[in-house]
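For reference, the structure is listed below as C-alpha cells.
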Amino acid sequence: MSETTELKIPRHIAIIMDGNGRWAKKRLLPRTAGHKVGLDTFVNTVDSCSDLGIEYLTVYAFSTENWNRATEEVSALMELMSKGIVKYEPEMVRKNIRLKLLGDIDRFEPKYRQALRSVEERLANNTGMTLCICLSYGGRQELVNAVNRLLKEGRTEITAEDIERNLYSAGVPDPDLVVRTSGEYRISNFLLWQSAYSEYYFTDVFWPDFDKKELLKAIESFSKRERRFGR
Ligand code: IPE
Ligand code: IPE
Ligand code: MG
C-alpha cells in the first residue's frame, strides 16, 4: 500500500463468496472439493475480520437460486455448511462473535435447521463482531417477505423504515463495502436494499484462494474511495 493512504476499516463488509466450483475444476477436482476449501477460507476470513476490528461481516453462502443446482451439490453444501458452523461454534464463542442467520432457513432439513438455529441462539448475545451468514437468502425474497409481514399487520401504506425493520438484516447497518470474488461483476440477488450506497470491490481470485492479503487489498481500495451519498 502506498504510504500516503491510511487504511480505513469499513464498519460492515459483505462478501459474495464465489468461484468454488471453478477453483475445483481447474484442479480436476469435484465441485464439492472447492466448497470444502471455501469453508476453510470462510473461517479464516471471519478470524481476519474480527482481528481487524470490523464490526459487521456478512457472507453470502447460499442463495434462493442455488436450490436449483444438482441435488447432490445442494445436499453436500447443506451438510458442509451446517456441520461447519456447528464445528466452528467454540471458536466463535472464544472470539465473542454474535451470529445472525439471514434467509429462509425453514427450507433446510429439520436436523440442520435446528442445529443452525441453536448455534445462532447461543451466540446471539455476544458483543464482538456480528457475523451474518446468508443461507437460502435472496434480496427479492427478503423484500417480499418484509412487505408481507407489513400487510399482515394491516398496513396499507409503508415507509422505508418499515421495510428496514422487517428485513432479515433488521438492526444491522448497511454494508460499506461489498466484495465479490471470482471475476463476476454482478450482484446475484445479494442485499438489494441494503447495498444502495455500498462501495463495490471485484477481484478475479476464486473464493478458496481469498486470503488475508486479498482482504487487505479490498480494504485498501475502499480506503481510497470518496463516498458522496448523492450529496
Ligand atoms: C460459490 O461458488 C459457492 C456457492 C454459490 C454456494 P460456486 O459454487 O458458485 O462456484 P462457481 O461460481 O461455479 O465457480
Ligand atoms: C452467488 O453466486 C451466490 C453465492 C455466492 C452464495 P452464484 O454463483 O450462485 O451466482 P451466479 O449464478 O454466478 O450469478
Ligand atoms: Mg458461482
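General observations
- Looking only at region 217-230, residues that are more than 24 Å from Lys26 (Cβ to Cβ) and assigned to a helix (DSSP H, G or I) come to 5 in all.
- Looking only at residues in region 53-72 that are of a type in the set (Gly, Ala, Ser) and in contact (Cβ under 8 Å) with a residue 24 or more places away in the chain, the one that is surrounded by the fewest Cβ atoms within 10 Å (Cβ to Cβ) is Gly53.
- One residue from Ser50, Ser75 being assigned to a helix (DSSP H, G or I), more than 10 Å from ligand 1 (Cβ to nearest atom), more than 16 Å from Leu131 (Cβ to Cβ) and open to solvent by 20 Å² or more (accessible area, probe 1.4 Å): Ser75
- Any hit, region 164-179, residues being in a helix (DSSP H, G or I) and either open to solvent by less than 50 Å² (accessible area, probe 1.4 Å) or farther than 27 Å from Lys217 by Cβ (or both): yes
- Among the candidates Tyr112, Tyr137, residue that is more than 19 Å from Cys49 (Cα to Cα), among the hydroxyl-bearing types (Ser, Thr, Tyr) and in contact with a strand residue (DSSP E or B) (Cβ under 7 Å, 6 or more places away or on another chain): Tyr137
- Residue list for region 53-68, restricted to those being more than 9 Å from ligand 1 (Cβ to nearest atom) and closer than 14 Å to Ile15 by Cβ: Ile54, Tyr56, Leu57, Thr58, Val59
- For region 118-130, a tally of residues being assigned to a helix (DSSP H, G or I) and either within 14 Å of Arg94 (Cβ to Cβ) or open to solvent by less than 80 Å² (accessible area, probe 1.4 Å) (or both) returns 5.
- Condition met for Tyr56 (within 16 Å of ligand 3 (Cβ to nearest atom), under 15 Å from the mean Cα position of the chain (by Cα) and not polar (S, T, N, Q)): no
- For region 194-214, the condition holds for no residue, the condition being that it is among the basic types (Lys, Arg), surrounded by fewer than 17 Cβ atoms within 10 Å (Cβ to Cβ) and assigned to a loop (DSSP other than H, G, I, E, B).
- Filtered residue count, region 1-39, keeping only those that are away from ligand 2 (no atom under 16 Å from the Cβ) and either without any contact (Cβ under 8 Å) to a residue 24 or more places away in the chain or not β-branched (Val, Ile, Thr) (or both): 15
- Within the option set Gly34, Gly38, Gly84, being open to solvent by less than 30 Å² (accessible area, probe 1.4 Å) and within 23 Å of Gly139 (Cα to Cα) holds for one residue only, Gly38.
- Matching option when the condition is touching a helix residue (DSSP H, G or I) at 6+ places or on another chain (Cβ under 7 Å) and not basic (Lys, Arg), among Ala61, Ala70: Ala61
- Of all the residues in region 17-31, those that are open to solvent by less than 10 Å² (accessible area, probe 1.4 Å), aliphatic (A, V, I, L, M) and either within 15 Å of the chain's Cα centre (by Cα) or away from ligand 1 (no atom under 12 Å from the Cβ) (or both) number 0.
The values are calculated or read from the model by the stated rules, or taken from the named source; none is laboratory data. The model shown is predicted, which means the values in this text are computed figures rather than measured ones. Neighbour counts are summed over all protein chains in view; Cβ atoms, including those assigned to glycine, are modelled from backbone coordinates with ideal geometry. Note: accessible area is taken over every heavy atom of the protein model, side chains too, but ligands, DNA and RNA are not part of it. Shrake-Rupley method; radii C 1.70, N 1.55, O 1.52, S 1.80 Å.
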